[in-house]
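Participant: Quick one: this structure, given as structure tokens, is what I'll be asking you about.
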Amino acid sequence: MMDGTINPLDDPNSDAAIAYAQERHDNIRTFVRTSPEYYIRNFDKIGASSRFTPTMNLMAGLFGPIWFGARGLWSWALPFLIIEALAFVQIARGLFGDLGADAMDRIASIEGTLELRRQQLAAAVETGSDRVDAFQRAVDGLEANIGGIRDEAAALAAQGPQIALIGLGLLLIAKVAQATVANWALEARFSDWLSDRSVRSGMPVSQIVFSAVFMALIVLAAMLHYSLPGRFDLLSKFPTDPDIRLTSIDWVENFFNWAVLNGEALFDGITFVIRLVLDALEIVFVSTPWIVIAALIILLTWLTAGVRMAIYSGAFLSYMGLLGFWEKAMTTLALLGTAACLSILIGIPLGMFAARRPRFYATIQPIMDFMQTMPAFVFMIPVIAFFGTGKPAAVVTTMIFGGTPVVRLTVLGLRGVPESVREAAISFGANKWYLLTRVDLPLASPSIRAGINQTIMLSLAMVVVASLIGAKGLGEDVLEALQYANVGQGILAGFAILFCAMILDRIVQGQRK
């Protein structure tokens, strides 16, 4: 040790080292339950080195993924299962599979056309038509094509033993690999078990049965499907009924019809609020003289991100103005600002409420996952049904797509406030409001600011998509360029959107010292 003292565990003959080794061996016996002395020897060998130490576990090599699954090592079991399933499929295809099945299907398809051409040839010969030579060439070409496919089928069938040997070689390699890494993987799980006794130990019979049945079904299904293609419809096509889909469509349509009829007041209220904010921002960005808006944006960028970024902002704004994108860029900023402001006004209080209420956050988390993962073109359908087309629908669509990061990162930031700091504030008499405004929010502000930034960026990413439902702005130029393959217009409008994103990002994030 650094201070010159001697660690008793460094001496293998000391009482402390013997007691430690005995305790470790007892823990190994409890963990593995089967063949404890074998695992004690190998775990000691593996634990003596920080590098990968290969050992041989014949049971793991023999039973493969079943052994790993029964031991709870599913992160190893599933990759080995895929490799072994591939190997067994190759063996089965090589020994029992009809390798020329696809070629024979092609021959059957061509033979139908050949028969038709032969009939046309016979009729042309009988009538003395001048197309006899054309039909004869078609018949000869089809017969030659069939002959070539038959040769191909024969060549494929002759490859059966080679394919089986490749599968056997792959299986042997997988078995050796499993036998080599099994003890090393199990020793790592043993280390996890020492610190967390909830980690499953031993080989319960139920897990052995489950693992064996699962692996056998996967391998058997793969072998039957690839070795006997088309023989079992259940393996190639999911059993379904068209009536199920039609009934589901009717249910969804009936629900939306009911929601539109009974929720008219709610949707009108949401549209009124969106229109109120949107009209105000359009007056600020679109109706105000361009020199005023440009000066304010450059000043704001200078105050938050410094002189260099202010110069860049001026250049970006000049680009938009000189190329005629100014009005559309300001319309885009108004639309984006409406969606972002509403998302932030809803998201931050919602995140503050959910941060100290795990059950509530667990309830809304799947909803936010749905909002972020559902493709935009899908949730545009109900939005159009409820709000029609136009700017309010575009704002709602943008809020759905971009509103979740501010909630997530607000929760993350507030939960990341050290409890020691909160306890110190409480001990000095801080009430809940003081704790929230003077402790929690200032310490969580970097995370909340990142959430606001992400919401703005994701909202800006919806500019082009929102133009599909009547939103004006830069997305309209990009959409028109896509429709008419106008590369120049699309690239220039795309750069304008990029520059808007860069300006907003710098204003929100600042220098992030």
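Participant: Could you point to the residue in Leu435, Leu350, Ile400 farthest towards the positive end of segment 329-448's charge dipole, with +1 and -1 charges on the Cβ of Lys/Arg and Asp/Glu respectively?
Facilitator: Of the candidates, Leu435 comes out farthest on the positive side.
Participant: Turning to a different aspect of this structure: Rounded to whole Hz and in sequence order, give me ³J(HN,Hα) for segment 428-439 from the Karplus expression 6.51 cos²θ - 1.76 cosθ + 1.60, θ = phi - 60°, writing x for Gly and Pro.
Facilitator: 8, x, 5, 7, 5, 5, 5, 4, 6, 7, 10, 10
Participant: Quick check: pseudo-label points 7 Å beyond the Cα along Cα→Cβ at Gln207 and Arg118, how many nm apart are they?
Facilitator: For the pair Gln207/Arg118, the computed spacing is 6.5 nm.
Participant: Taking θ = phi - 60°, what integer Hz values does the Karplus form 6.51 cos²θ - 1.76 cosθ + 1.60 yield along segment 292-308, in sequence order, with x for Gly and Pro?
Facilitator: Along segment 292-308, the couplings run 5, 5, 4, 5, 5, 5, 5, 5, 5, 5, 5, 5, 9, 10, x, 5, 4 Hz.
Participant: Are there any chymotrypsin sites (Phe, Trp or Tyr not before Pro) in segment 19-89 that are in a DSSP loop and have at most 12 other Cβ atoms within 10 Å? List them by number.
Facilitator: Values: sites: Tyr20, Phe31, Tyr38, Tyr39, Phe43, Phe52, Phe63, Trp67, Phe68, Trp74, Trp76, Phe80, Phe88; in loops: Phe52.
When the chymotrypsin sites (Phe, Trp or Tyr not before Pro) of segment 19-89 are filtered for loop state and at most 12 Cβ neighbours within 10 Å, Phe52 remain.
Participant: Quick one: how many lysine pairs does the chain have with C-alpha atoms less than 30 Å apart and a gap of 8 or more or different chains? Give me the count, please.
Facilitator: Working: Lys45/Lys175; Lys328/Lys391; Lys328/Lys472; Lys391/Lys472; Lys432/Lys513.
Summing the qualifying lysine pairs gives 5.
Participant: Still on this structure, please answer the following. Hey, for a label at Ala385 modelled as a point 7 Å past Cα toward Cβ, could you say which residues of segment 263-295 have their backbone N under 17 Å away?
Facilitator: 263-268, by backbone N distance to the label point.
Participant: Could you give the size of the charge dipole of the chain about its Cα centre, using +1 on the Cβ of each K and R and -1 on the Cβ of each D and E, expressed in debye and rounded to the nearest 20? Spell out each step's value before the answer.
Facilitator: Details: 38 positive and 42 negative charges, 339 e Å.
Roughly 1620 debye, rounded to the nearest 20.
Participant: Alpha carbon centre of segment 35-90 versus segment 256-294: separation in Å?
Facilitator: After rounding, the separation between the Cα centres reads 62 Å.
Participant: Could you tell me the calculated FRET efficiency between Val284 and Leu498, based on Cβ-Cβ distance and R0 = 25 angstrom, to the nearest 0.05?
Facilitator: On the way: r = 23 Å, r/R0 = 0.90.
Working from the Cβ atoms, E equals 0.65.
Participant: Suppose R0 equals 45 Å; then what is the FRET efficiency for Ser109 and Thr34 from their Cβ-Cβ distance, rounded to the nearest 0.05? Please report the intermediate quantities before stating the final value.
Facilitator: Details: r = 57 Å, r/R0 = 1.27.
The formula returns an efficiency of 0.20 here.
Participant: For Leu95 and Met371 in one chain, what is 0.36 nm times their gap in residues minus the Cα-Cα distance, to one decimal in nm? Can you show the working numbers first?
Facilitator: Working: separation 276, 0.36 × 276 = 99.36 nm, distance 5.00 nm.
Between Leu95 and Met371, full extension yields 94.4 nm more.
Participant: Next question. Could you work out how much longer the chain between Arg415 and Lys45 gets when fully extended? Use 0.36 nm per residue separation minus the Cα distance between them, nm to one decimal. Write out the running numbers ahead of the final one.
Facilitator: Values: separation 370, 0.36 × 370 = 133.20 nm, distance 4.26 nm.
Taking Arg415 through Lys45 to full extension adds about 128.9 nm, to one decimal.
Participant: Same structure again: Between the alpha-carbon centers of segment 296-369 and segment 441-492, tell me the distance in whole angstrom.
Facilitator: First find each Cα centre; the distance between them is then 11 Å.
Participant: Per the helix-only calculation at 222 nm, which mean residue ellipticity applies to the chain, given -39500 (n - 2.57) for every DSSP H run of n ≥ 4 and division by its residues, nearest 500 deg cm²/dmol? Could the numbers behind the result be given before it?
Facilitator: Numbers: 24 runs with 404 residues, N = 513.
That comes out to -26500 deg cm²/dmol.
Participant: What percent does the relative contact order of segment 285-410 come to when contacts are Cα pairs within less than 8 Å and at least six residues apart?
Facilitator: Numbers: 80 pairs, mean separation 36.5, N = 126.
RCO, segment 285-410: 29 percent.
Participant: A further question on this structure: If you filter segment 191-249 for trypsin sites (Lys or Arg not before Pro), then keep DSSP loop positions with at most 16 other Cβ within 10 Å, what is left? Provide the component values of the computation, followed by the final result.
Facilitator: Working: sites: Arg197, Arg200, Arg231, Lys237, Arg245; in loops: Arg197, Arg200, Arg231, Lys237.
Answer by residue number: Arg197, Arg200, Arg231, Lys237.
Participant: If I take every Cα pair under 8 Å that is 6 or more residues apart in segment 278-509, average their sequence separation and divide by the length, what percent do I get for the relative contact order? Walk me through the intermediate numbers first.
Facilitator: Details: 276 pairs, mean separation 61.6, N = 232.
Normalised by residue count, the contact order of segment 278-509 is 27 percent.
Participant: Same structure, new question: Provide the gained length on full extension for the span Leu435 to Trp251, in nm with one decimal, where the gain is 0.36 nm per separating residue minus the Cα-Cα distance. Intermediate results must be reported in sequence, preceding the final value.
Facilitator: On the way: separation 184, 0.36 × 184 = 66.24 nm, distance 4.90 nm.
That works out to 61.3 nm of additional length.
Participant: Rounded to whole Å and sorted largest first, what semi-axes of the equivalent ellipsoid does the C-alpha gyration tensor of segment 292-346 yield via the square root of 5 times each eigenvalue? Could you put the intermediate results ahead of the total?
Facilitator: On the way: eigenvalues 89, 58, 11 Å².
Computed over segment 292-346, the values are 21, 17, 8 Å.
Participant: If you wrap a convex hull around the Cα atoms of the chain, how much volume per residue is inside, in Å³?
Facilitator: Details: hull volume 166.7 nm³, N = 513.
About 325 Å³ per residue, rounded to a whole number.
Participant: Would you mind computing, in nm to one decimal, how far apart the modelled labels at Ile18 and Asp268 are, each placed 7 Å from Cα along Cα→Cβ?
Facilitator: 9.1
Participant: For segment 187-237, build the charge dipole from Cβ charges (+1 Lys, Arg; -1 Asp, Glu) around the Cα centre, then report which of Leu220, Trp193, Val209 sits farthest towards its positive end.
Facilitator: Value: Leu220.
No lab work stands behind these numbers, since they all come straight from the coordinates. Here the structure is a predicted model, which means the values were calculated and not measured. Positions of Cβ are generated from backbone atoms using ideal geometry, with glycine treated the same way; all protein chains shown enter the neighbour counts.
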